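Everything on this sheet refers to the single structure shown next.
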Amino acid sequence: MATTYSKTTLSANKPRRWFWQRTHTRRITRSIAFYAFISPWLIGFVLLGIIPLAVGILASFTNYDGINVETVKWLGSRNYSRVFNDSEAIYAFQRTLLWSALNVPIWLVVSFTLALILNQGIKARGFFRTLFYLPSIIPVVAVVWAWRLLLDPNNGVLNAIISIFRPGTAILWTTEYALPSLTAISVWKGAGVGMVIFLAGLQGIPRELEEAAVIDGATRLRVFLHVTIPLMTPVIFFQLILGIIGSLQQFDLPVLLAGGRIGSVPPRATYFYVVHTMQQIFTFSRFGYGLALMWLLFVVIVIFTVIVFRTSRYWVYYEVEAKGEGK
Amino acid sequence: MSALSPVQRRDSRRKRIRQGFAYVILYVTAFLLAVPIIWVILSSFKAESEYVKYPPQVLPNPFVWDNYVHALTWIPFFQFAWNSTFLATVFSTLTVVTSAMVGFAFARLEAPGKGRLFGIVVSLLMVPAIVTIIPQFVLFARLHLTNTYWPWVLWGVSASPFHIFLFRQFFTGVPKELEDAAEVDGAGPFRIFWQIFLPNAQPALATSFILNFVGVWGDWLAPIIYLDVKKTTLAVKLATATYSNPGDPTSQILVTITLAAAVIYTIPPVVMFFLAQRNIMEGVVTTGLK
Amino acid sequence: MNESLKQSMRMSRRDFLRVTGLTVAGGVLVACAPAAPPPAAVPAADTSAAQSTPGTSAPAADKIEVQMMMNGPEFTDAEIDIFQEKNPGIIANRLDPDTTRYFAMLAAGNPPDILRLQAPQFPQLLARKIPLNLQPFIDVSELVHVEDLAPANNYYRSGSDALEIGDGDVYGMVKDWSPDMTLWANLDLIEEAGLPAPSFDEAMTYQDVRLYAEKLVKFEGDRTVNRGFDTNQPWIERFWMVWLEGMGNSLFSDDFKEMQLVKNDEAREAVAWHFDLSTDKLSISPSNPSPSWFGQDFATGTLGLLQFGFWYSGGIEVWSDDAMKEKTAAGRIVMLPSPTWKGVKRGPTITATGTIVTAATKHPEEAYRLFEWYNAEEAADNRAKSGWGVPALKSKYAMIPKEGAYRSQVWGVLEKELKDAETIVKFNPFLAGGEPGEVASLYAQFMEQTLNGDITFDEMLEKIETQTNTAIQDGIDRIL
């Protein structure tokens, strides 16, 4: 009995002593451990982040063609001034802005609406949530094939359906209406993701808060506008930023629709900025110029992000401890 | 029921109407979302000559099972499938492990400079992919690493900011007591990570792995830039759609066979999603911390 | 579980879902996030990652490996076996053709020994001193004789520099070739449209082609049921160059350093001819896309006239369904002579796909051996008999299929075309000359907005000219 007792005391005391004696050393070991743990990312960040970026910035001042180093010439800022004289780049940028202005709000509204509906105590919520999320799992290449079949002007499903009412319809969905069509595809693919995020946000809003408002005599609309929306603003804000960043660099959908080669030229309406950039790089071997285009886009994206962040203080409601109050 | 006041009854009737309305919208949306998928599946059974006919018929006639046979045999489908699987598996495995490590460090370890470094991770979430892809390509090309799978290995090893963030959030939610108990037993951070945090992070690991896998499996941009026609992935092969008859030296497009291939190509990510959708959707609720 | 733990878990669940969604939304980001360690730090054992691609086999130590960029169906495994059997000291390794990769390997000092290319690419390669002069080998060759070379091979010959292509030392050979501008006609559709059957002897003019196209096209509302005429648009600048040379004109200045389009009336006319087909919805265009591609359209029977060259004679046999195959065999699908631009008959070859040997090869003897075998022995015979192209050597013309109603008609036209095939076009050495070439790319890019009326035809030409000149300048910078 006595032996057992002493053993327990020992095992309880020993670590404690270890703890106190080594606090200082432990702090250093912990720091070392921390840096050891993050080293893969940190090394990667430097070697595959910082260094390529530095190389990329340098290359954007040259006529580098992606192949020959011997014929590289320093052009100074010529590539950058060329962007502003490149009517195609300007045009492509305008199209990109238009696309973002169309795509981001529609995507936000559709996914938010779906989340709201699913949050109405729908019985089959799990089923619908899964179904709506499904398109985002389907690889973009397969998605584009599906939509090609629907949108083909000559034997596409959509025009065939319209032809029932108006025979001989051959609406050019993929060229003349490429922007709305692309938005449809993009929303089709992305709404589920947005919905899941919004739904998670909505479920974080304490029921009691809304119910309390209803008891106070507020209409559902008022509750929605004055309770739900403000509480959701951080999520909306976050989604908005990601939507803008994603939309401004849209590349794969239009190019895949146009044939799926790196040099495929999408229809005019969806000739986006990054498409133009990739054209310069891969069709015309203008790596230097392409990189200059890229850096300018980066600057624009940063500006947009900063603008959204700056304005956020006027409309984003930061729910300080709001979640806990319901309990 | 009988105890309901008229107001309550009115409210419940309204609620029923509202719900009915909600269901209508949901079913319509579900139908719209399903149409492209169903149409592809139907078309994948059509003969090439039927596919170009107008008006398009809903049901394939005749039913061409051979499209699926040809999809698998007319190009070395399995070679490209293997390339895709290999890349996706290698990248996902590496990045899940390293992201978990880094996420753990940010969640649980202390060191000078940690806050600032985490700030970098968070701001990297916002860096557009397009900014890094070309400069990296330039660098890899000069190192003669294009047309190899090395870039994926290196990307994998260096973790991904999204998944670092994901694991950091996950590990932050793990109660401190668990770790303290282990520390009391004299375990260092590495043991704590490997023996306590990692095994208990199955939902996060599964989610992270699947998202990465689906991401690489579906990615078309990186392989089309980095890999040549032989080493490339299914995504690129199916995007350029050069399914051709045997004996055709020019490799031209055969749509319905490509559609069959696209259906097969879509199965793995969808299956993975269904297998782990509870984890993906419900995620952290079942953290394994019981 | 205590309350705070529940709390923390619910919060993290939200974040979790959020990140989950983000990651999916991130799409490309997932795969391309900034990443990791230096190549030097990578352990050697890890090479398995790069090597585990199927299909790579290490050559035996005592044998010399020759790498050839060529498409799989054009250089089959069976052919590789035959070659290796006949040449025991050499291993032939086929790579898929990829010019970018070729250059990358060249820059790395490890270029493929043989490159597959098209004629328009050759001048720039020659200017960059990339191809090996094969004349010393040809001089002593028992299989390849200069006088036996079919005229398309002239695209790979030069006496002095890249501006003087056509005669002199041999730098490469066509693998096979085709009068690329011959027409294909669906006689049933032509009959249906009430048009006279076209002559197999007399070449149409492009004006005739247009008149046929106008009658052949069939609409149903806005929908195109049948198309009138189509051709491979990535070749369009090459067509223009052929037409203009026939008129004693050119798309470029004499030194090729400038494009002459906007102020060149004949060039404008050439562009307008094709552009008007699109305006009037007679051809595939951004405002009238095909659900498939023109080769398939013709094989499906929804396209009346197709300008696609002799090599399509093999294509139609592969791409058509049974009904169309019957029709073809019965001689209802015919090849017509290449049309003339204003009555001037020119050499109708503009692809002349062939091979060169890389000057930087480490094994010129072996590389030439494979080159010669590929172009003059079994593989060349296989191609000649397949009916997909005209052999590179005149002595093999006998192998071209000529039996049956279909093939004999095609051969009849081809035989006459070969007589006109002596002239070649001078391609611009400052342009890379891919398919599509720079000019064709720019044309495709601006065509849609011109069709929409966003810019005028003149503005389109200006844009093409300006941007082609930029591309030429890039080329000059890279060569000189």
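The values are calculated or read from the model by the stated rules, or taken from the named source; none is laboratory data. Everything numeric in this text was worked out from a predicted model, so none of it was measured. Positions of Cβ are backbone-derived with ideal geometry, glycine not excepted, and every protein chain shown enters the neighbour counts.
Side notes on the structure shown:
- Selection of the range C:112-144 for residues being assigned to a helix (DSSP H, G or I) and either not polar (S, T, N, Q) or not assigned by TED's automatic domain parsing to the domain that holds residue C:358 (or both) yields C:119, C:120, C:122, C:123, C:125, C:126, C:127, C:136, C:137, C:138, C:139, C:140.
- Subset of the range C:262-277 that is under 24 Å from the mean Cα position of the chain (by Cα) and under 13 Å from residue C:462 (Cα atoms) - its residue that is surrounded by the most Cβ atoms within 10 Å (Cβ to Cβ): C:267
- Being within 23 Å of residue A:115 (Cα to Cα), small (Gly, Ala, Ser), within 11 Å of chain C (Cβ to nearest Cβ) and surrounded by fewer than 23 Cβ atoms within 10 Å (Cβ to Cβ) is a property that does not hold for residue A:192.
- Residue that is nearest to residue A:139 (Cα to Cα) [pool: residues in the range A:166-189 that are of a type in the set (Val, Ile, Thr) and away from chain C (no Cβ under 11 Å)]: A:185
- The listed residue being crowded, with 17+ Cβ neighbours inside 10 Å and assigned to a helix (DSSP H, G or I), out of A:214, A:255, A:265, A:300: A:255
- Here the range B:109-134 is the region considered, the condition is being more than 9 Å from every other protein chain (Cβ to nearest Cβ) and not small (Gly, Ala, Ser), and the residue that is farthest from residue B:171 (Cα to Cα) is B:116.
- Enumeration of residues in the range A:253-282 that are more than 9 Å from chain B (Cβ to nearest Cβ) and more than 16 Å from residue B:240 (Cβ to Cβ): A:267, A:268, A:269, A:270, A:271, A:272, A:273, A:275, A:276, A:279, A:280
- Residue tally, condition touching a residue at least 60 places away in the same chain (Cβ under 8 Å) and either β-branched (Val, Ile, Thr) or part of a loop (DSSP other than H, G, I, E, B) (or both), over the range A:278-297: 3
- Members of the range B:79-93 found to be more than 9 Å from every other protein chain (Cβ to nearest Cβ) and surrounded by fewer than 24 Cβ atoms within 10 Å (Cβ to Cβ), listed by number: B:81, B:85, B:89, B:93
- Filtering C:308, C:219 for residues that are under 30 Å from residue A:170 (Cα atoms) and surrounded by 17 or more Cβ atoms within 10 Å (Cβ to Cβ) leaves a single hit, C:308.
- Going through (1) assigned to a helix (DSSP H, G or I); (2) at pLDDT below 90; (3) at the interface with chain C (Cβ under 10 Å from one of its Cβ atoms); (4) closer than 30 Å to residue C:76 by Cα one by one, residue B:165 falls short only on (4).
- Some residue of the range B:95-115 being farther than 24 Å from residue B:178 by Cβ, in a helix (DSSP H, G or I) and under 21 Å from the mean Cα position of the chain (by Cα): yes
- Any hit, the range C:402-423, residues being assigned by TED's automatic domain parsing to the domain that holds residue C:82, free of Cβ contacts under 8 Å to residues at least 60 places away in the same chain and surrounded by 18 or more Cβ atoms within 10 Å (Cβ to Cβ): no
- Helices (runs of 4 or more DSSP H) wholly inside the range C:176-265 containing at least 1 residues that are farther than 22 Å from residue C:417 by Cβ: C:187-192, C:206-216
- For the range C:356-383, taking the residues that are in contact with a strand residue (DSSP E or B) (Cβ under 6 Å, 6 or more places away or on another chain) and under 19 Å from residue C:72 (Cβ atoms), the one that is surrounded by the most Cβ atoms within 10 Å (Cβ to Cβ) is identified as C:370.
- Of all residues in the range B:173-207 being assigned to a loop (DSSP other than H, G, I, E, B) and free of Cβ contacts under 8 Å to residues at least 40 places away in the same chain, the one that is farthest from the other protein chains (Cβ to nearest Cβ): B:187
A quick yes/no check of all residues on (1) under 22 Å from the mean Cα position of the chain (by Cα); (2) within 30 Å of residue B:11 (Cβ to Cβ); (3) modelled with pLDDT under 85:
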site: A:214; (1), (2), (3): no, yes, yes
site: A:243; (1), (2), (3): yes, no, no
site: A:248; (1), (2), (3): yes, no, no
site: A:263; (1), (2), (3): no, no, yes
site: A:284; (1), (2), (3): no, no, yes
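- Across the range C:302-321, the number of residues qualifying as at the interface with chain B (Cβ under 9 Å from one of its Cβ atoms) and either outside any loop (DSSP other than H, G, I, E, B) or in contact (Cβ under 8 Å) with a residue 60 or more places away in the chain (or both) comes to 7.
- Among residues that are at pLDDT 70 or above and either within 11 Å of chain B (Cβ to nearest Cβ) or part of a helix (DSSP H, G or I) (or both), residue A:3 is not included.
- Criterion: under 18 Å from residue C:353 (Cβ atoms), modelled with pLDDT of 90 or more and part of a helix (DSSP H, G or I) - qualifying residue of C:461, C:442, C:431, C:418: C:418
- Test: residue in the range A:68-86 that is more than 30 Å from residue B:144 (Cβ to Cβ), touching a residue at least 12 places away in the same chain (Cβ under 8 Å) and within 13 Å of chain B (Cβ to nearest Cβ): no
- Residue B:68 satisfies every condition listed in (1) under 30 Å from residue B:165 (Cα atoms); (2) surrounded by fewer than 18 Cβ atoms within 10 Å (Cβ to Cβ); (3) in contact (Cβ under 8 Å) with a residue 24 or more places away in the chain except (1).
- With respect to being touching a residue at least 12 places away in the same chain (Cβ under 8 Å), more than 22 Å from residue C:206 (Cβ to Cβ) and surrounded by fewer than 22 Cβ atoms within 10 Å (Cβ to Cβ), residue C:343 falls outside the description.
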